Amino acid sequence: MTSIRTTTILAAGLTFGALPAAAQTAGLCNGAGDNGQWIGGNEAASDIATAGTFLEGTAIVLPGSEYVSLFTVSTATEVRVEAQGSGAGDPVIDLLDESGAIVLSDDDSGGGGSSRGEIALSPGSYCLSLTSYDGGAMTGVVRVGRSDQEALTQGLSEAPLFPPVDATPDNASFGCSGLSNYLGDGGSINASLAADGVSATASVNEVDAWGFTLSESTALAITAENPSADPVITLYDGAGNYLAENDDWDGLNSRIEMIGGLDAGEYCIEMRALSDNGAPITVSVVGYDEEEARIAQYDRGDASPPLDGSHPVTDLGILPNRLRQDVRSTDAMTWFSFEMDAPGLVVLETASGGQGDSVMVLFDDFGRQLDYNDDANDSLDSQIIQRVNAGMFVVGVKQLGDGQQASIRLLLERWVPAQ
């Protein structure tokens with residue numbers, strides 16, 4: 001079928017390339033259409049009631065902007081309006097009448113994150129606004145057609161269980177279509193989540209996607225482990241909607257936490273390996289444990305522990321001019337607190353004698369990260385030099401790499417302004 005398709009590109013009020021004539025009706029849709037473009041190229045060609053086929057336009061939406069297509073209806077008509085984003089783009093549409101009132105809004109009714117709505121429209125002019133769900137940049141296609149004309153989107157009733165291979169965030173081809181490998185043998189994994197969860201091990205060459213089923217809403221965490229593979233995981237729901245992605249949560253291992261919970265239904269974990277497609281990756285789905293997750297944050301150094309005794313922190317007291325502390329450093333952060341009784345400069349260093357690869361992080365007592373360092377002074381040791389006010393501070397040191405440990409020396413120096 002031959003369509004009438006414009007190649008309008010509108011972004012944040014800027015136009016690029018050769019554009020069809022802009023709307024000349026000032027104040028159309030209460031001003032929403034002032035920077036819009038007629039979807040047929042001009043007003044006369046944008047009457048969907050008389051168009052021989054659907055009308056379609058392409059748009060680039062920059063962060064915080066919208067794309068507005070204009071069309072008219074000369075006689076009462078059943079109209080379908082649609083928008084489809086490329087890659088992981090998640091379009092949202094609003095249809096406004098001449099007064100600016102929203103007569104239709106939609107996010108995902110087109111299936112797979114696309115937007116779609118059917119509505120009976122009276123004669124008049126209309127503005128179809130396209131925005132990105134997350135407010136970010138997006139390239140999309142908008143289509144206005146009658147009910148007897150070809151649709152752009154599949155609609156929810158026709159949505160696949162998992163997305164087609166071109167619906168991944170980067171348009172690459174991986175494995176959620178035709179899924180055959182399920183965690184927990186395809187049945188509900190809810191009972192297993194209360195214990196140790198479910199897991200499986202395979203390389204990306206062997207299994208490029210794992211499915212799982214939930215019988216009730218639950219909060220959970222998904223991990224993919226093997227630094228040699230450097231795994232990346234992407235989570236989709238059964239309608240093909242992109243939910244989350246992660247790479248390098250803890251070193252080169254990946255983790256997705258769905259703290260708000262996932263509803264009952266089927267889900268797909270898409271697998272990629274950035275280093276070695278043949279290396280085995282252990283994929284696990286476990287119930288989300290808030291306390292366990294908080295401790296894991298402390299061990300990674302993503303957050304500092306509280307100073308209330310609930311997590312091990314060695315108190316070094318008021319920092320003297322120079323203090324040395326021997327540390328048996330592991331792959332989990334070892335924490336120390338110290339106090340500055342006056343503003344000054346702190347110099348923190350590790351010395352490992354070539355035994356390890358240390359990482360150091362400094363927080364204030366409120367939990368704000370002040371500095372982080374790995375590999376200072378052309379070595380695998382760490383160094384932080386930070387100007388601070390009087391108060392309490394928390395410093396953590398650890399070794400890079402799973403299971404790594406080393407005996408290191410931590411040096412803390414205090415410098416105060418000359419009087």
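The values are calculated or read from the model by the stated rules, or taken from the named source; none is laboratory data. Quick caveat, the model's predicted, so the values are computed rather than measured. All Cβ positions, even for glycine, are placed from backbone atoms using ideal geometry, and neighbour counts span all protein chains on display.
If you go through the range 85-121 and pick out every residue that is surrounded by fewer than 20 Cβ atoms within 10 Å (Cβ to Cβ) and at positive phi, you end up with 2. Looking at the range 333-419, the strands (runs of 3 or more DSSP E) lying wholly inside it that each contain 2 or more residues that are among the aromatic types (Phe, Trp, Tyr) and at pLDDT 95 or above sit at 334-340. Condition check for Cys176 on (1) part of a strand (DSSP E or B); (2) out of contact with any Gly (no Cβ under 6 Å at 6 or more places or on another chain): one failure, at (1). When Ala279, Ala264, Ala296 are checked against the criterion of being outside the structural domain of Ile233 (by TED's automatic domain parsing), over 12 Å from Val232 (Cβ atoms) and touching a strand residue (DSSP E or B) at 6+ places or on another chain (Cβ under 9 Å), a single residue qualifies: Ala296.
The condition (being closer than 30 Å to Ala191 by Cβ and either touching a residue at least 60 places away in the same chain (Cβ under 8 Å) or among the hydrophobic types (A, V, I, L, M, F, W, C) (or both)) is satisfied by just one residue among Thr330, Thr334, Thr282: Thr282.
Among the residues of the range 299-332, those identified as in a loop (DSSP other than H, G, I, E, B), at pLDDT 90 or above and among the hydrophobic types (A, V, I, L, M, F, W, C) are Leu307, Val313, Leu319, Ala332. Put simply, of Asp326, Asp315 the only residue that is out of contact with any Cys (no Cβ under 6 Å at 6 or more places or on another chain), surrounded by fewer than 14 Cβ atoms within 10 Å (Cβ to Cβ), among the acidic types (Asp, Glu) and within 20 Å of Asp374 (Cα to Cα) is Asp326. How many residues does the range 337-367 hold that are touching a residue at least 24 places away in the same chain (Cβ under 8 Å) and over 16 Å from Ser382 (Cβ atoms)? Within the range 337-367, residues that are touching a residue at least 24 places away in the same chain (Cβ under 8 Å) and over 16 Å from Ser382 (Cβ atoms) number 12.
Assessment of the range 114-125 against the conditions (in the same structural domain as Val79 (by TED's automatic domain parsing) and at pLDDT below 85) yields no matching residue. When each of Leu262, Leu274 is tested for being closer than 13 Å to Phe212 by Cβ and either modelled with pLDDT under 90 or of a type outside the set (S, T, N, Q) (or both), the lone residue that passes is Leu262.
Residue pairs whose Cβ atoms lie under 7 Å apart, sitting 6 or more positions apart in sequence or on different chains, and linking a residue in the range 368-386 that is closer than 17 Å to Ala406 by Cβ to a partner that is modelled with pLDDT of 90 or more and outside any strand (DSSP E or B), are Asn373/Ser382; Asp374/Ser382; Ala376/Ser382.
Filtering the range 392-419 to residues that are under 18 Å from Ala303 (Cα atoms) and of a type outside the set (Val, Ile, Thr) leaves Met392, Phe393, Gly396, Lys398, Gln399, Leu400. State all residues of the range 205-244 that are over 23 Å from Gly287 (Cβ atoms) and buried (at least 22 other Cβ atoms within 10 Å of the Cβ); if no residue qualifies, say none. Passing the criteria: Ala229, Gly240. Counting only residues that are part of a strand (DSSP E or B) and either over 14 Å from Ala229 (Cβ atoms) or β-branched (Val, Ile, Thr) (or both), the range 201-211 holds 4 of them.
When the residues of the range 59-84 are narrowed to those that are over 23 Å from Asp47 (Cα atoms) and of a type in the set (A, V, I, L, M, F, W, C), which ends up surrounded by the fewest Cβ atoms within 10 Å (Cβ to Cβ)? Applying the filter and picking the extreme gives Leu62. Filter the range 122-144 down to residues that are closer than 24 Å to Thr50 by Cβ and surrounded by fewer than 22 Cβ atoms within 10 Å (Cβ to Cβ), then give me how many there are. The number of residues fulfilling the criteria is 6.
Every residue, every condition in (1) among the β-branched types (Val, Ile, Thr); (2) within 24 Å of Gly155 (Cα to Cα); (3) in contact with a Leu (Cβ under 6 Å, 6 or more places away or on another chain), yes or no:
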position	(1), (2), (3)
Glu216	no, no, no
Ala221	no, no, no
Asn226	no, no, no
Ala229	no, no, no
Leu235	no, yes, yes
Gly238	no, yes, yes
Asn241	no, yes, no
Ala244	no, yes, yes
Asp247	no, no, no
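In the range 151-198, the residue that is modelled with the highest pLDDT out of those that are in contact with a Lys or Arg (Cβ under 7 Å, 6 or more places away or on another chain) and within 21 Å of Tyr242 (Cα to Cα) is Leu152.
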